[in-house]
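Quick notes on the structure that follows.
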Amino acid sequence: MHSKLGGDYIFDIQYLRMATQDMEDQVRKLIGALDSMSPGTYIELYNSLRRISGNIQKELSGQPVLPDRLMVSFSETTPKEYDLVGAKSYNLARTANILGIKTPEGISVTTRACKDFMESNGFNSIISAIKRESMNGQKSLEQASAEITEMILSGTIPPDVRKTLNAVRDQLSGKSNKGLGLAVRSSAWGEDGTNSFAGIYESLINIPPDKLHEAYLTVLAGIYSPSAIRYRRRLNYKTNETLMAVSFQTMIDAKCSGVLYTLSPTAPRENTVIISSAWGLGSSVVAGESAADQFTVSREKPYTQLSISIQRKEKALRINRAGAGTVEETVPQHQQTQSSLSSDEIARLVETALNIEQYFKKPQDIEFAFDQNGELVILQSRPLLIQTQMDEPPASLLTELNTREKIFSGKGDVAQHGIASGEVFIARKDSSLRNFPNGAILVVRHSSPSFAAVLPRAAGLIADVGSALGHLATIAREYRVPALLNTENATEILTDGQIITLDAEQKTIYSGIIRELHLYQAKRESLDETYEYRLLRRILRQVEPLNLFDPSDSNFTPVGCETFHDITRFVHEKAAEELVEVNIGTSLDSSSPNGRLKLPVPLDLTIIDIGGGLQNIDLEAESGRLSKKRIEKEQVASAPMTAFIEGVSMAGVWQSSPVPVDFSSFMSSMTRTTAPQLAASASIGRNLAVISDNYSHISLHLGYHFTIINCYVSDNPADNYVYFRFAGGVTDAERRSRRARFLSAVLARLDFSITVRDDLVIARAKKISADDILYRMMVIGVLVAYSRQLDVSMVDDYQIEKYANNFNKLITSRIQTTIGG
């Protein structure tokens, strides 16, 4: 469904209904499967499913789903609040929160507040009737607009919304410069998003705190100005999409202000930034009502000024310190023909603007100001329309691409389409993501969700291994970061600091920056969109975002599931845990062959075959009881189990001799209570492996520690995973914790996602090739044997790195030799 947002597909409302119903059915099956494993334990998942499905049905029936929040501060604005605050406020908030760029402090009174205002006054039905009269020719558009506007201005603000406006006043009044009011700005659905709505809606400047209620109604009424009605009609906006958030912002006492285009919309091939600026406030510059200086600046460092046009600026718009609004003042004679921006300010402004463009992944139209202290403040950022008349790559671009060096082409899976250029940052095990530079291309071995934190600042993403269905791919799509996964060896081919261009459209990486590709991409992106497109985007907010990451978090519950993605994540995690709880010995099907595995190491392991896991064998359970017959390891046909056996039985690894335990550690083990969820495998008195041809669930109770291994392998990397869970030990808590950190260090080198809490280790690897999964299962087998009594030796923190390095050498010298390098 997300791929439909790329613009290459045509779809209608019926497609959305069918696709969402199919998703709901699949998620319900997942919940049912988990419920069959643990009846009634996770019954709240059905309520979460009903809630999410209900929200989707509301969207499909034309009822926007808005959380019950009437205000959101800029500092707490996340992608989840996009529909509540509108694109204009969202863009400004994210510019500050993600990029650390200074913007006015602000609070959004949300679209939910607008919806409540309209419904409490009964305006929706009246407005619909007036609009029908206008469409039928009974009233002119201007008459309809005037009637609706007057009605809104005289409307009664609901008590909760009035209380919210008072809270906004109290919170922001103390943050404004002394004697200054607040800016009250529109942020309607669609505004400054895919469509600009530039200059269509109302914004007010320097409003005194006691006039915020009136200002709020004025901005709301702007929804139905003649120009706004015409604009929405042209874009086929429905009545249910006519929602307005209003942002209240601290005023900036501007020395100078203006507007900047990060790329010339009429001459994009020149690769320049266009700036207009003047003294004072910039609203007259944006409106084209006053003389302004013009600067054309190179997009390349050191941002050379290519052309300058200094105008006589006789008047400047300033804040009215004696009251509300603005006043026009005469500019001192010596400043009238002086440049409103210094060379240093131009360089800072261009660098900041290009960082914003990099984050939003398209050219930007930016409003800015320099305050009286010379500090740059971004006031607004919206997508910039680039003029185009072409659909196919021009011959000149194809010729240019043929002359450029291709590092590789035709490899990998596209997770997010697009073009990205920048320096390579290879995330190695010893590299810190804190050093990730803005606008770099992130190159990783595996597409782990641990890299999600830097994606908003990344120009692109390249992974050796990964799935377009994985968590990191989902996040790349959310942030529109061009992403190419499964390239096999990008981390080996590319080098840190290397300048490249990633063409995720054609699965190609070029050496250097190819501006023509960026230009073509910018031209291809159409800013027109259909109602179905906008609806799909809102539906996907109920489907795609992932809010549940760490199983130890307090919100990792059925009630905490806010999307279909959350439910699938929760089910997968809990299914693995529930397998630990299953008492297989009392529920064994008599048709399941089973027996005790014969190994050259002292591991008493019972195997139960649930389908193709054993070969050349006829060992059936007797009246549902486990068999005592022996199974040779050659009779194991399960691919993941075979890999584990090869590792756990490797010669010279298993420590079977007694290990001396000090008295305090012995007493610690005697007095410690084992967590019930970790002791389940002991319920039938032995270690268990439930296997099929491509699946293994291994539950081990070795002394005082417990290990769970869950693995599925197939030819489809998207389905593959291995789950490892370890806890316990015979020694005190500190030594057990050191062993846990040792396990974490070893597994991190294999690109597992890892959670460590005291002596508990949970590690996962998924969506990688069958060979990679089986290699990890073999290593886990060695790790089980190697670390069985290792906590006794963990007398200090130095031992963690020592044993991790020793284990790495062991794997390098033995396992790689076993599998032929």
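Summary of computed values
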read-out	value
14 Å Cα-Cα reach of K211 towards aspartates and glutamates, excluding residues that sit fewer than 8 places from it in its own chain	D170
Rounded, prolate or oblate (a/c below 1.5 giving rounded, otherwise prolate when a/b exceeds b/c) for segment 194-348 by Cα gyration tensor	oblate
Debye equation applied to the C-alpha atoms of segment 317-426, log10 I(q)/I(0) at 0.11, 0.19, 0.23 Å⁻¹	-0.66, -1.28, -1.42
Helix 798-810 axis, angle to the chain major axis (alpha carbon atoms, nearest 10°)	70
In nm, spacing of pseudo-spin labels at D68 and L306 (7 Å Cα→C-beta vector)	5.6
Alpha-carbon spread of segment 83-146, three principal axes, descending order, Å	52, 24, 16
For the chain, accessible area per residue (1.4 Å probe, heavy atoms of protein chains only), Å²	43
Intensity falloff of segment 9-127 expressed as log10 I(q)/I(0), Debye formula with alpha-carbon point scatterers, at q = 0.10, 0.15, 0.18 Å⁻¹	-0.51, -0.93, -1.02
Segment K29-E734, length gained on full extension (0.36 nm per residue, minus Cα span)	249.5 nm
Beta bridges per DSSP with both ends in the chain, % antiparallel, nearest 5	85
Folded to 0 to 90 degrees: helix 343-360 orientation relative to the chain principal axis, Cα	50
Highest average packing first - 331-337, 227-233, Cβ atoms within 10 Å	227-233, 331-337
Stokes-Einstein translational diffusion, segment 136-248 - Kirkwood Rh over all Cα pairs, 0.692 mPa s, 37 °C, in µm²/s	216
Helix 639-648 vs. the chain, principal-axis angle (Cα, 0 to 90°, nearest 10)	70
Gained length - N547 relative to D771, 0.36 nm times residue gap less alpha-carbon distance	77.6 nm
J(HN,Hα) series, segment 247-260, from Karplus relation 6.51 cos²θ - 1.76 cosθ + 1.60, nearest Hz, glycine and proline x	9, 10, 10, 5, 6, 9, 7, 7, 6, 8, 8, x, 9, 9
For segment 257-315, convex hull volume per residue from C-alpha positions, Å³	81
Fraction of accessible area attributable to carbon and sulfur, segment 320-366 (%, probe 1.4 Å)	44
Set of lysines near K406 by C-alpha distance (under 26 Å), chain-local residues within fewer than 8 positions excluded	K301, K361, K362, K507, K523
Descending Cα extents along the principal axes, the chain, whole Å	97, 58, 58
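The values are calculated or read from the model by the stated rules, or taken from the named source; none is laboratory data. What you see is a predicted model, and the numbers here were worked out from it, not measured in a lab. Positions of Cβ are backbone-derived with ideal geometry, glycine not excepted, and every protein chain shown enters the neighbour counts. Areas reflect the complete protein model, heavy atoms only, side chains present, ligands, DNA and RNA absent. Shrake-Rupley method; radii C 1.70, N 1.55, O 1.52, S 1.80 Å.
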